[in-house]
Each structure stands twice: as C-alpha cells, then as structure tokens.
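The values are calculated or read from the model by the stated rules, or taken from the named source; none is laboratory data. On a predicted model such as this, the values are computed, not experimentally measured, just so you know. The accessibility values were calculated without ligands, DNA or RNA, using every heavy atom of the protein model including side chains. Shrake-Rupley method; radii C 1.70, N 1.55, O 1.52, S 1.80 Å.
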Amino acid sequence: MKLREPFETSTGVCWDRRVLLVGLYSESIVAWGECAAGETPAYSYETTGTAWSILNDLILPKLPGMAIETAADIRAVFDGIRGHPMARAAVEMAAWDLEAKARGDSLATLVGGVRDAVSVGVSIGLQRTDEELHQKVRRYLEEGYARIKVKIKPGRDVAMLRGLRDRFPGVPIMADANSAYSLEHLPSLRELDELDLMMIEQPLAYDDYLDHARLQGEIETPICLDESIRSVGDAALALELGSCRIINIKPGRVGGFASAKAIHDLCVEHDMPVWCGGMLESGVGRAHNVALASLPGFTLPGDISASRRYWTEDIVTPEFVLEEGMVAVPTEAGIGVELREDLLEDLAVRQADF
Ligand code: OSB
Ligand code: MG
C-alpha cells in the first residue's frame, strides 16, 4: 500500500507499506489480524519477510482443524518460538477478532474497553524545511488532532522544535527519536527539556533501560518508551528502574492483546499513563489499535489517525475518520469494519492458504 506521502524517521524513509494480513476462517466467520513489522529491520529485527517466514513455516501450519474456544487458546501455536512478537501478534489479534465475532460482541467490548471514542494525535515525519513542518502542523490542528508528534534526530531537533514551540504555543507537542540518541547528546536533550514537550519518545537504544533511567533522572520532560517495551517483563523492568514515566503500547509490537492488556494493567497499578502507538497500519491494524485504546488506562491521545492521513483508499469500509479530535470505536461485531475484497485482490502480491 502506497502512503500518500513518504514517512521519514531517524532510521530512514518509508514510501510503501508491505502489509501482511492474517485471516482466520471458522464456520461462517472470517477474522483478521495485521502484522506491524516494517519493510526493513530498522525499528525491530522483525520485517514483513521474517514474519512471513515464521508464520508460514512454523505457526500457520498448526492452525487448520484446531479447536479454539477463546482467543487465549491460540497461545499453544506459539510454543517453541522465541521472540517474533509481531508475527505472533498478527495471529493472536485475529483470534480475538474471531472470538468477538463468534460472541457477536465488538472487539473493544471483548478486550475490556470502556470508551465509545478515543482521543487521537498525529505523528509527523521529518520534513525538508521548518516551513513545511509548520504548514503540516497547522493543517492537522485545523483537522482537529489533539496533539502533534514530531520525529527528531541529532541535528534536526532543538532549533526545529524551538521554532515549532514559538509558532504554536500551548499546543500539546511531543518528539519521537526512534533511538537516535545516546547520553553523549545530553546537552541537546537538556535543551529539548526547556520546550514544554508532553514527552520525549524512545530517545536512546531499544535495549538500554539503564541509560534511559539515568536520562530520566537528568530531565523533567517525561520519557516515553516504545521500542524498548516488547513484553510485560520489559514494562516491569522499566518501572523498576525508572526508565520512563509513560509507555506507548502497540499490540502489534508486544505479541498481541493478551500482552498489551497485561502491560496496561501493570501500568494502571503503578499510575503510569499509557497511550496506543501506531505502525502506519491499514484499517485492519487500526481497528485493533482503536479497540485497545478504549481501555481505561489509555489516558493520552494515541497515534491512531484517520485512514486518509495515510492512504488514498483504505482497505476497510467504513474508513476511520476524525470527529472532533476523536476516532469512534466501532460497535459492530469483531473489528467492526469490513475488508474491501476488491482492493485486496488488486493489492495482493502473495498469498498462502492453510
Ligand atoms: O516510532 O511510533 C513510531 C511508524 C512506524 C514505525 C514506528 C513509529 C511510527 C509512527 C507513526 O510514529 C505512527 C502512526 O501514525 O501509525
Ligand atoms: Mg515511536
């Protein structure tokens, strides 16, 4: 799926998403999950290709004929697979859609959601000039987005964000570094600390909980972890060490809903705010994210923008739209949106059936 505009982060530029969908068929029900993996191993070691391999060779062959009473029963097919949470999540989340559809409940209801609409922001990639960034921010604010997230990297940070803050005083702004910094950049990070940012997301390496804790001790702005949190164990470690004050939960990154809910529950118990991140998903992954964001601990706006922010045409109907800074939580059974089989057929480059 071609993005309406390229998305640039500290790790590179994405023009097209290679979307990997998993469909589960049971009696007359079709249920869907989406793999969040990227095209290259820049955000995580997982890619569309590694997920395709793990799913095709190891996970999906176990499914035909399997009896599943609840989504939790799907866990058995992941035995013997270390890591690869994004590949696992695609199946696990489809199983939740399957259970919700079998019960006739919305996915949000099944996972324990309590809201009928979720507050959302927008994540803006690195722009060529500050002027272009300001124009985009102005447009998104006019559309009603509740907060602005800007990608940063060393050299495209302090001056850019100071300019943005001067131009948009009072607007909730945050920055996402996607691990581009180290403690050697402390002087720049201290300058960012002066700009009244809601949070700085994943400034340091994905596996460096200790340096994140050291950095959090040096700055007032809350650190939010994204790449670092792949399981409830990672969240417990970050809580124990003080590596962050906010956690971004992406169900597609942490192995699915069971893990995402466990992280949510742990964070609620420790008064740690959470929000739902995104991975430039199609409408399928977006539906799962919206359902998760309806849980009570999701008190900050998510990276769950309208379908049109990403795609000329989304592969689901109805598309996700923004209404007064919110996205409505679908009420129909399961993910609550229909796959557009016509578009799916046009876009598909490979398919495997089990
Ligand atoms: O770091 O949150 C991130 C997109 C792809 C991979 C990682 C990230 C992102 C985003 C965009 O920031 C979030 C979205 O709007 O889907
Ligand atoms: Mg991030």
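General observations
- For the chain, the solvent-accessible area with a 1.4 angstrom probe is 43 square angstrom per residue.
- Build a GNM of the chain with springs between Cα atoms under 10 Å apart, and of Asp342, Asp207, Asp271 the one that fluctuates most is Asp342.
- Diffusion coefficient, µm² s⁻¹, Stokes-Einstein with Kirkwood Rh over alpha-carbon pairs of the stretch 279-354 at 4 °C and 1.567 mPa s: 96
- Whole-angstrom Cα spans of the stretch 130-289 along principal axes, big to small: 42, 39, 24
- Reported value for the stretch 2-103: 109 Å³ per residue, from the convex hull of its C-alpha atoms.
- The stretch 168-244 has equivalent-ellipsoid semi-axes of 21, 13, 11 Å, by the square roots of 5 times the alpha carbon gyration tensor eigenvalues, sorted largest first.
- For the residue pairs Lys101/Lys261; Lys149/Lys250; Lys2/Lys261; Lys101/Lys149; Lys62/Lys250; Lys2/Lys149, the alpha carbons lie more than 24 Å apart in Lys2/Lys261; Lys101/Lys149; Lys62/Lys250.
- Protein heavy-atom surface of the chain, 1.4 angstrom probe: 50% of the accessible area is carbon and sulfur, with nucleic acids and ligands not counted.
- Residue with peak Gaussian network fluctuation, the chain [Cα springs, cutoff 10 Å], from Leu189, Leu98, Leu344: Leu344
- Quarter the surface of the alpha carbon convex hull of the chain and you get the mean projected area, 16.3 square nanometres.
- Scattering profile of the stretch 126-187 at q = 0.12, 0.18, 0.30 Å⁻¹ [log10 I(q)/I(0), Debye over alpha-carbon scatterers]: -0.30, -0.65, -1.46
- With DNA, RNA and ligands ignored, accessible area of Trp275 (1.4 Å probe; Å², nearest 10): 0
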